[in-house]
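The values are calculated or read from the model by the stated rules, or taken from the named source; none is laboratory data. Bear in mind that the values here come from a model prediction, so they are computed numbers and not experimental data. Every residue, glycine among them, receives a Cβ derived from its backbone with ideal geometry; neighbour counts consider all protein chains shown.
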Amino acid sequence: MRIEIGTGSEGQVVLPASDADALGLAGGGRGELITAHGAFALVLPARGDEPAAWFAGSLAALTVPEVVQFLFTSLKTGVLLVASGEERGRAAPAPDQLRRKSIYFKDGQIVFASSSDRADRLGPVLRRAGLVSQSDLERCGRLVRGGRPLGQVLVDEGVLSSGQLYEGVSLQVKEILLNAFVETEGTFSFLEGVADERNAVKLPQRTRDLLLEGMHRVDEAEALARELGGREVVLARGAAPARPLTPEEQALLQAADGQRNLGALALDAGLGLHRALEAAAALVRDGLLVPASAARPSQKPEAEPEGAPTQRTGGPFDTYRRIFARVHEALASHEGGPERLNSYFNRLPARNRAVFEGVRFGAGGEIEVARALDNVIRAGEYKGAAARARALEALEDLLAFALFEVKNCLERAQADAVLREVGRMQMGRA
């Protein structure tokens, strides 16, 4: 949700009734507006049913896959809000120029998602999956009314069965998640609380599998962006089409005006970023689109050579390094405690043996977490972002064992204190 607010008398903020209801402030009431200087952060109703906890940040600091990985491994329940499409150094965009996604979790599993992006709407998802034709979609779209959404119309008109609609909604949830993965600029916030069961669906894939699939999509998006010269490339129409175009290619070609970057064209064409990158790359290869000019220089580091280790200072690997050092320090008070950590490597599950080759705890608690990433890359099965995800997954398995040892070796009060501190470190608060 994105709204405009007006100020009333001193100490009051005026909201449209529908937006106030969405914030849990229907009929008035007090709330807390939490901001940083010049930037909106969060509104919380001042009531007993407010979210139990929340955290927020920039996608430049934590990517969507990293946030989802944390929510999955922490078995969190709540909603993850992702807003993207706002460009650094430029005026704030209109509400309809932002891509806003809400991803709902229950015990770490994804149960629902919604999006303001046209590419994520149910109709386009059903058409791309071959579940409905464009003509049926257009006909049924004219019958949509308040309280009678598209899905219900499609079932009432006999275009879909209830089972097919459920399959389509599940696919839509998955597409919203995977499209969020390729967003690199924007903000996120997670509000912990009771899951809304009204729209929950059972996805065929578990969150762990969706993470790996999403990382492959991130890799593909990064490769396509490099081929085009970056996501900020400005594209103009080139030669006339000499072949049939896909609906995505036709929409992107029509939107291209030689002035806007690829992200803006994707939004105008009703395409997700990944599909826009695919369509743009195909059109550029055939000369149907040409780079009009280079947009502002990328503020991200240049891509590393293929196969090179990807290490992020201050990122999740550094967080794991600090957590393991803290756990080792805590176990030092227990006789034989630190040595027990290395016992994990003596009986590794088969899937983690190659990942942890040569990785051990040193006498002072130091451990080469980055070597786990090097090992994954060297094995060759995963590359880029997918390799990072695989290494982080293995490190999470090691952390689960380490925290198990904390609870086994330390007194309950001491163990609880260590677990709380580790939780703060995972959240970036320590």
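A few notes on this one:
- Residue 159 among the β-branched types (Val, Ile, Thr), in a loop (DSSP other than H, G, I, E, B) and either in contact with a Leu (Cβ under 9 Å, 6 or more places away or on another chain) or exposed (fewer than 15 other Cβ atoms within 10 Å of the Cβ) (or both): yes
- Exactly one residue out of 417, 372, 413, 400 is assigned to a helix (DSSP H, G or I), among the small types (Gly, Ala, Ser) and surrounded by 15 or more Cβ atoms within 10 Å (Cβ to Cβ), and it is 372.
- Residue list for the range 252-296, filter: under 13 Å from residue 237 (Cα atoms) and without any contact (Cβ under 8 Å) to a residue 24 or more places away in the chain: 254, 255, 257, 285
- Where residue 89 falls short, out of the listed (1) at pLDDT 90 or above; (2) outside any strand (DSSP E or B): (1)
- Test: residue in the range 374-389 that is farther than 22 Å from residue 211 by Cβ and in contact with a Lys or Arg (Cβ under 9 Å, 6 or more places away or on another chain): no
- Filtered residue count, the range 110-150, keeping only those that are in a helix (DSSP H, G or I), closer than 24 Å to residue 82 by Cα and touching a helix residue (DSSP H, G or I) at 6+ places or on another chain (Cβ under 6 Å): 5
Condition check ((1) farther than 21 Å from residue 127 by Cα; (2) loosely packed, with under 15 Cβ neighbours inside 10 Å) across all residues:
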| position | (1), (2) |
| --- | --- |
| 206 | yes, yes |
| 214 | yes, no |
| 256 | yes, no |
| 261 | yes, no |
| 267 | no, no |
